[in-house]
Amino acid sequence: MNRMRTLRTVIRHELRTLIADRSLALVCALLVVLIGYAFYNGMAAAENRDRAVAAVLASERQAIESNLETLRRIQAGQQRPGPFANPANPATIGSGGAGRYAVVPTIGLAPVAIGQGDMIPNYYSIGYGSKVSFMYDSEIESPWNLLNGHFDLAFLIVFLLPFLVFSLSYNLLSSEREAGTLRMLLSQPLDLATLLTGKVVVRATAIIGIAAIFPIVLLLIFRPEARGAEQFAGAALWMALVTAYGLFWFALAFLVNALGRSSAFNALSLMACWTLIVLVVPVLLNLAVGVAEPAPSRTELTNRTLAIKAENLRRYDQLFHGDYNYVAKPDALLAKDGRIEMPPRTRATFLADRDMDANIDVLLKRFDDQLRAQQQLIDRLGPVSPAVIAYEGFSSLAGNSSRRYLAFKGQVDAFHDHWRAYFVPRILGGRAMNEAELRSLPRWTWRELPNQQTRGDAAWRVALLLTLTVLLLALGVVKLQRYKVA
Amino acid sequence: MLRLIASKDLREFIRDGRLPWAGGLVVLLLVTAAAVGWFQQTAVQAERSAGQALDYQAWLNQGARHPHTAADQGMNVFKPEPPLAVFDTGVQPYVGSTIWLQSHSQGEVKFRPAQDATGLQRFGALTPAWVLQVLAPLLIIILGFNAFASEREGGTLRQLLSMGVPTRRLLWGKALALAASVTLLLLPGALLVGGLAVASAPAGAAVDIIVRLAALGLGYGLYLSAAIFLVLAVSAICRTSRVALFSLLAIWIVGVLIAPKGISDLAVALHPTPSRIDFAKAVRDEENATSREVWLKNFGVETRWDPRVPLSKWGIALRVTDHNGYRVYDRQFGALWDTFERQQRFQEWAGLAAPVIAVRSLSMALSGTDFSQHRDFSKAAERQRRIIQEVVSDDLIKNADPLGNRHFSYRANPSLWAKVPEFQYPLPRIGFALARHWPSVAVLAATFLLSVALALAVVSRRLSV
């Protein structure tokens, strides 16, 4: 009880000192400005993705309308169908004429981390062509931006927050000792642990409070999607993760202060820890993951793709050399009694694409499996760097993690198969598309990753960081026993 | 006396453990990065040249078939790995390496290695260049932050000055100590990278590589020397070593971590990159608009492949469409790539504010891994695609069009395929890089001179004891 009262006195005193020398205010102001800039960037990235989704969905609706309109005009004899642009022809519709897209929406928390969102597209145009013709697309982004990385909240918190922590707390005890005030303080009924705790609590509350709360306030103001009760758990976990990560660095500062060395030594050792944890270990880990679970060879994939393609061209050689007869027989382009003539080359292309996917699936799966294996390895090795734990957690809560994009690709793959299956009887059986079918083509729906999984993962990361924090604090308390005041 | 000052500082670096520990880490990272990079690169390069030969063989062995079908098969071309990619991977992880040359449209380079990697990639790729750009300045700060400040704190500065040691000589001596330590640490790694690059260079390119290495040496020399003088200047201005350390760390964080991101954001804000969807729409719209004109002029119809165009004109129609496409692609891709290059140019000059950007851009250029060289490869690949298209449509006009409605029953003689030469892409020489990136050299030289001037001004006027 007595100790709690002392702690409160320390905190009050410390707060007064920090306010008087303006250092806390300065660091907090800097943090606020940086959060504003990082949030702006994250927000812009999320809005770009939202715009892309809105644009493809609008073009999809437009395509449906224009197909229906063209079909009506053709049926009324007002327009002649083209050989490759005829809504009654399932080949036109199935191969892309339907303007169908598969999209993955951004989530409310998207602005907090850009993650992989600048590289992997959030929409694919769906046709029954082979997946090798559309699944490799990537978003257009300036190579410099990709190389330099974005200044988003994840970067700010993972890379820069620790410095703000250090700048306020590298000399908590050493400065008092160097100024000769530590002896005086300890002549009062006050022990070192209480003194150090009080000093850390004041700083941690201010810094972590701003870092965890201010971005969420901005999010609630500027992003209506983040306001639902659904999003609340995600936001709370994000705040918990920021708090745990911030506490980890304060605990490290606590430990270094407890060693009882000079201010300069403290500053240098904190800097060394930062360099190792944030800069060196992640790049080494990235390297190690690449060596331990190397991505399969894209060159081999490319060669295999071409070999399969060549094989298919040979297999359907006769069909590929069949001719179009609509010049001699213009009626061939018109649907009659629900049937339409399928030129041999159309059938050949359809079959070749189908065979391509049947053969290439195994190879493509290897890439996704490997990426999954890399991710698992990182999750296993992650604890060696709290920076990695936090960074991956932020991406995942923001819905911009590798895992979510892999899931998206998996679902697109399944939808693509479904789309093609829909057209098999129509292409091979020569069945024409009618108005009702054009309205009721297979639709894409995105199934979000189970919330429990994302949240469970984030909670585990918080627990991991808190465990590391407690370990550092415990070590710090032990070291304090041997602290030499003089 | 110069040597005396320098050797005293050097001895201190070693004695207090800064040089062995911090330096040892840097050396270790440098060697690891070089070794791993070299193994990966050798494997990739061997695979790519084998892969390209394989596809070309498949092209030659197509037998008698319709040329359009041959163009549908197409071929893949692979960007050769520049030997110095082992030093600096540049934008390579983000731009891909493979183009499938197919009929109908200009391909894009696919398979960005970064897409096959996890989010961890964004912490940075461990390359020797990264170590030099990011960690080496930090090493210089750790070694040099108290160069003047500790002499002041220990009272030795007063002594030295009272003995009449010229402050400038003190500056040169301390700079020499820092330069010697950095060289000592970085030289073995540099020699290893250089040796590996020369060893893996294609025949006849060894001289080019050596010149590139020398230019890289100059670029990084200017960059790190600028860092040395800046560190010494700050150390001389600040009253205590603590303030010096914090100021220098702040400069490092802003200059190395924040500025590149901020400046590339600014570059994109000034020269916006189109989204994929806008770009694809622009290409499609222009293609539709121009092809309408072309088809109207040539065949009297408004839409492409209008059923009224007889099959006896499909050979010529293919050519007309292709040629229209070339113009559209040249303009649209050209505009996109110009945007990227304008972003780059902006960053180069912004290097004056954050030299790490200047050295990064020069380093990529000299290593052959920058965007200009990617663009050059993309253009070469598109030229090869156009050769294929021309051979195909030429043959169709001559041999298939006369067959009238039996266009697709035509089969070309297998000797036709050999009219398309094997794709050769000799890597650009160093002149290519220097012609585009001389501003970075100028910026680095200016930064170096400025930091020397700053350090001299500080020690001769503001070196308080």
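Just so you know, all these numbers are worked out from the coordinates, no wet-lab data involved. Being a predicted model, the structure only gives us computed values, none of them experimental. Cβ coordinates were reconstructed from backbone atoms using ideal geometry, including for glycine residues, and neighbour counts include every protein chain displayed.
Hey, what do the phi angles of the range B:127-134 turn into as Karplus ³J(HN,Hα) couplings, whole Hz, using 6.51/-1.76/1.60 and θ = phi - 60°, x for Gly and Pro?
Computed from phi, the couplings for the range B:127-134 are 10, x, 5, 4, 4, 5, 6, 9 Hz.
May I have the pair-distance distribution P(r) for the range A:225-381, computed from all Cα-Cα distances with 5 Å bins from 0 and rounded to whole percent?
2, 7, 8, 8, 8, 8, 9, 8, 7, 7, 6, 6, 5, 3, 3, 2, 2, 1, 0, 0
Count, for each residue of A:290-301, the Cβ atoms from other chains sitting within 10 Å of its Cβ, then give me the mean as a whole number.
5
Could you point to the residue in B:Q121, B:S440, B:H104 farthest towards the positive end of chain B's charge dipole, with +1 and -1 charges on the Cβ of Lys/Arg and Asp/Glu respectively?
In chain B, that residue is B:S440.
If contacts are Cα pairs under 8 angstrom and at least 6 residues apart, what is the relative contact order of the range B:312-465 in percent? If you can, show how the numbers build up before the last one.
Working: 102 pairs, mean separation 59.5, N = 154.
Once divided by the residue count of the range B:312-465, the mean separation gives 39 percent.
State the three equivalent ellipsoid semi-axes of the protein assembly as shown, derived from the C-alpha gyration tensor as the square roots of 5 times its eigenvalues, in descending order and whole Å.
Working: eigenvalues 727, 223, 93 Å².
Values for the protein assembly as shown, descending: 60, 33, 22 Å.
Which far-off residues, 5 or more places away or on another chain, put their amide H under 5 Å from the one on A:A432, with H placed in the peptide plane?
Placed amide hydrogens put A:R339, A:I340 under 5 Å from A:A432.
Take every Cα-Cα distance within the range A:45-106, group them into 5 Å bins from 0 onward, and report for each bin the whole-number percent of pairs it holds.
4, 19, 22, 18, 13, 9, 8, 5, 2, 0
What's the center-to-center distance, using Cα atoms, between the range B:82-113 and the range A:137-166 in Å?
23 Å
Using the count of nearby Cβ atoms within 10 Å as a rough guide to exposure, how do A:S263, B:S150, A:S130 rank from fewest to most?
Going from least to most buried by this count: B:S150, A:S263, A:S130.
Sticking with the crude label model, points 7 Å out along Cα→Cβ, report the distance from B:D306 to A:A307 in nm, one decimal please.
Placing both labels 7 Å beyond Cα along the Cβ direction yields 4.6 nm.
Can you give me the long-range amide H partners of B:L101? Hydrogens built in the peptide plane at 1.01 Å from N, cutoff under 5 Å, separation of 5 or more residues or another chain.
B:M75, B:N76, B:V77
For the range B:161-244, compute Rg over Rh where Rg is the Cα radius of gyration and Rh is the Kirkwood radius from the inverse mean 1/r over Cα pairs. Kindly include the intermediate steps, with their values, before the conclusion.
Values: Rg = 18.1 Å, Rh = 15.4 Å.
Reported Rg/Rh (Cα atoms, Kirkwood Rh): 1.18.
Short version: ³J(HN,Hα) in whole Hz for each residue of the range B:192-201, in order, from phi by Karplus 6.51 cos²θ - 1.76 cosθ + 1.60 (θ = phi - 60°), x for Gly and Pro, what are they?
So the J values, rounded to whole Hz, are 4, 4, x, x, 4, 5, 5, 5, 8, 5.
Between the range B:144-169 and the range A:177-222, what's the alpha-carbon centroid distance in Å?
37 Å
At what distance in nm do the modelled label points of A:Q79 and B:L463 sit from each other, each positioned 7 Å from its Cα along Cα→Cβ?
8.3 nm
Taking a 26 Å limit on the Cα-Cα distance, which of the listed pairs B:K398/B:K419; A:K309/B:K419; B:K79/B:K419; A:K484/B:K174 fall beyond it?
Beyond 26 Å between Cα atoms: A:K484/B:K174.
Please identify every one of the trypsin sites (Lys or Arg not before Pro) in the range B:204-260 that sits in a loop by DSSP and has no more than 14 other beta carbons within 10 Å of its own beta carbon.
For trypsin sites (Lys or Arg not before Pro) across the range B:204-260 that sit outside H, G, I, E and B with at most 14 neighbouring Cβ atoms in 10 Å, the list reads B:R239.
How would you rank A:D369, A:D337, going from fewest to most other Cβ atoms within 10 Å of each one's own Cβ?
Going from sparsest to densest Cβ surroundings: A:D337, A:D369.
Inside 10 Å of the C-beta atoms of A:77-89, what's the mean count of C-beta atoms belonging to other chains?
So the per-residue partner count for this stretch is 2.
For chain B, find the longest principal axis of its Cα atoms and tell me its angle to the long axis of helix B:24-60, 0 to 90°, nearest 10.
For helix B:24-60, the angle is close to 10 degrees.
Given contacts defined as C-alpha pairs under 8 Å and at least six residues apart, what's the relative contact order of chain A, whole-number percent?
26 percent
Got the relative contact order for chain B handy, in percent, Cα pairs under 8 Å and 6 or more residues apart?
Taking the mean separation of contacting Cα pairs over the length of chain B, I get 26 percent.
Suppose R0 equals 30 Å. What FRET efficiency, 1/(1 + (r/R0)^6) with r the Cβ-Cβ distance, do A:W460 and B:V254 give to the nearest 0.05?
Numbers: r = 34 Å, r/R0 = 1.15.
Efficiency at R0 = 30 Å is approximately 0.30.
Residue farthest toward the positive end of the dipole of the protein assembly as shown, with Cβ of Lys/Arg at +1 and Asp/Glu at -1: which of A:L319, B:S235, A:F250?
B:S235
Before rounding to the nearest 500, sum -39500 (n - 2.57) across all DSSP H runs of length at least 4 in chain B and divide by the residue total; then give [θ] at 222 nm in deg cm²/dmol.
After summing the helix terms and dividing by the residues of chain B, the value is -22500 deg cm²/dmol.
Using 0.36 nm per residue of separation minus the Cα-Cα distance, give me the extension gain between A:A272 and A:Q376 in nm, one decimal.
Value of the extension gain: 34.6 nm.
For A:V132, B:V234, which order do you get if you count the other beta carbons within 10 Å of each Cβ and list the fewest first?
Ascending Cβ contact count within 10 Å gives the list A:V132, B:V234.
Amide H to amide H, which residues 5 or more places from B:A412 or on other chains are under 5 Å from it, using H placed in the peptide plane?
Amide H to amide H, under 5 Å and 5 or more residues apart or across chains, B:A412 pairs with B:R65, B:H66.
Please report the spacing between the Cα centers of the range A:252-315 and the range B:176-224 in Å, no decimals.
Between the Cα centres of the range A:252-315 and the range B:176-224 lies a distance of 25 Å.
Can you name the helices of chain A, as whole DSSP H runs, whose Cα span along the helix axis is 20 Å or more and whose Kyte-Doolittle mean is not below 1.0? Intermediate results must be reported in sequence, preceding the final value.
Working: long enough: A:2-20 (27 Å, -0.34); A:23-75 (78 Å, 0.53); A:192-222 (45 Å, 2.20); A:229-258 (43 Å, 1.39); A:298-315 (25 Å, -1.03); A:344-381 (55 Å, -0.66); A:402-429 (41 Å, -0.40); A:451-481 (45 Å, 0.77).
The qualifying helices are A:192-222, A:229-258.
Taking the Cβ-Cβ separation of A:D317 and A:T445 as r and a Förster radius of 35 Å, what is the calculated FRET efficiency to the nearest 0.05? Walk me through the numbers on the way to the answer.
Details: r = 39 Å, r/R0 = 1.13.
For A:D317 and A:T445, the calculated efficiency is 0.35.
How big is the charge dipole of the protein assembly as shown about its Cα centre, in debye rounded to the nearest 20, if each Lys and Arg gets +1 on its Cβ and each Asp and Glu gets -1 on its Cβ?
The calculation lands at about 2000 debye.
Calculate the mean, over all residues of peptide B:49-57, of how many other protein chain Cβ atoms lie within 10 angstrom of the residue's Cβ. Intermediate results must be reported in sequence, preceding the final value.
Working: counts 1, 3, 9, 3, 0, 5, 6, 0, 0.
Shielding by partners across B:49-57 averages 3.
Between A:R339 and B:N405, what is the label-to-label distance in nm when each label sits 7 Å out along the Cα-to-Cβ direction?
2.0 nm
Within straight cross-link reach of A:K329, meaning Cα distance under 21 Å, which lysines are found once same-chain residues fewer than 8 apart are removed?
B:K313
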